[in-house]
Amino acid sequence: MRQERPGPEIEQEKFGRNIEIHAFFVRHGEKGLSTTSGETALTAEGEEQSAIFGKSHLRSPVVKAYSSATQRTEKTAQLASEASTAGKKLNRVIKDELRFQYDPHGEFARENFAIKRKILGSEDEFKELSPEEQERKLSLSGIEQTDHYLSFGEKRPDPRTFSPVETASLVALRVAKYIRMAERLKPGSIVDFVNATHDYNIAAFLKEVLVRRVEGQRVIGFDSIAEIGGPIDHTESFHFDIKTDAQGSQSVQLYFRGENYEFSQERMNELVEIGKRLA
């Protein structure tokens, strides 16, 4: 007797079982130093950092890479994917949600570069410093610049530069897509997604959703990036591990700097709604 194939509704029930998604959001590798422009390419060190990130973090059978539309993030995504141990590496895709939307000629850019110049000095002066002093000043500059941007909260620093909340909302959109994707993948799928983005995007998102314990109190976010270990360094990342079991029950874990953090699902949902209006 010929057996009929299961209908689409029965086959669909099998999707979303025993799934693993590892969604990495990584800052690009080291870029060329400039006190007048933010749009510089990866250095040789930055290229090496990107490859090391891919080799050490991207180990699933399938890797798919995304980036914002800058040379440094595209190259980071490319090198990380190529260096991964994945058997299948899918094409890189540019996504608007990973961009840092700012006006290079606006007030925020001028203020930001003024902070950098004040701390680092001219490019020639910076090159004369010892490596230790360069590292110290870069960290200080990173803290001041990041805190300056995050201080705007829901307000745009200038009309064409997204607010920190808007920037965080675009990252939240991508996270939400990965969480929903786990329900639709074939049973047993294990996939790494690398999203090459910018330090402000990562910092803005973490400020909105990261939950810490401070003196026994549950605290969402931070007042200064220094409270979570300083600015986001080149090829530093956070990632979400999204898993389902044999029954389709889902768990979502956030990892940053080697620690597993609680995150605010309520704030994540709010950010997603904000992001939908921007996308």
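The values are calculated or read from the model by the stated rules, or taken from the named source; none is laboratory data. Being a predicted model, the structure only gives us computed values, none of them experimental. Note that each Cβ is placed from the backbone with ideal geometry, even for glycine, and that neighbours are counted across all protein chains shown.
Conditions tested, residue by residue: (1) in contact with a strand residue (DSSP E or B) (Cβ under 9 Å, 6 or more places away or on another chain); (2) in a loop (DSSP other than H, G, I, E, B).
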| position | (1), (2) |
| --- | --- |
| LEU140 | no, no |
| GLN145 | no, no |
| ALA172 | no, no |
| TYR178 | yes, no |
| GLU183 | yes, yes |
| LYS186 | no, yes |
Q: Output the residue which, of all residues in region 237-261 that are more than 17 Å from the chain's Cα centre (by Cα) and in a strand (DSSP E or B), is surrounded by the fewest Cβ atoms within 10 Å (Cβ to Cβ).
A: SER251
Q) Of all residues in region 163-182, which are surrounded by 15 or more Cβ atoms within 10 Å (Cβ to Cβ) and over 11 Å from ALA204 (Cα atoms)? A) LEU173, ARG174, VAL175, ALA176, TYR178, ILE179, MET181, ALA182
Q. Restricting the first residue to region 141-153 and requiring it to be under 26 Å from PHE126 (Cα atoms), which pairs with a second residue that is among the basic types (Lys, Arg) and modelled with pLDDT under 95 meet a Cβ separation below 6 Å and a spacing of at least six or different chains?
A. SER141/LYS116
Q. Out of curiosity, is PHE256 in contact (Cβ under 8 Å) with a residue 40 or more places away in the chain and aromatic (Phe, Trp, Tyr)?
A. yes
Q.
Return the pair list, or none, for Cβ contacts closer than 6 Å from residues in region 1-26 that are closer than 23 Å to ILE179 by Cβ and at pLDDT 95 or above to residues that are in a loop (DSSP other than H, G, I, E, B) and among the polar types (S, T, N, Q), at least 6 apart or on different chains.
A. ILE19/SER189; VAL26/THR235
Q) Out of (1) in contact with a helix residue (DSSP H, G or I) (Cβ under 6 Å, 6 or more places away or on another chain); (2) closer than 29 Å to ALA23 by Cα; (3) at pLDDT below 95, the odd one out for LYS95 is which? A) (1)
Q. Which members of region 98-128 meet the condition of being charged (D, E, K, R) and not in a helix (DSSP H, G or I)?
A. ARG99, ASP103, GLU128
Q: For region 76-97, indicate whether the set of residues that are within 20 Å of the chain's Cα centre (by Cα), within 20 Å of ALA204 (Cα to Cα), part of a helix (DSSP H, G or I) and not aromatic (Phe, Trp, Tyr) is non-empty.
A: yes
Q. Taking the condition assigned to a loop (DSSP other than H, G, I, E, B), over 24 Å from ALA203 (Cβ atoms) and among the polar types (S, T, N, Q), does THR40 pass?
A. no
**Q.** Verdict on SER224 being more than 16 Å from the chain's Cα centre (by Cα) and touching a residue at least 12 places away in the same chain (Cβ under 8 Å)
**A.** yes
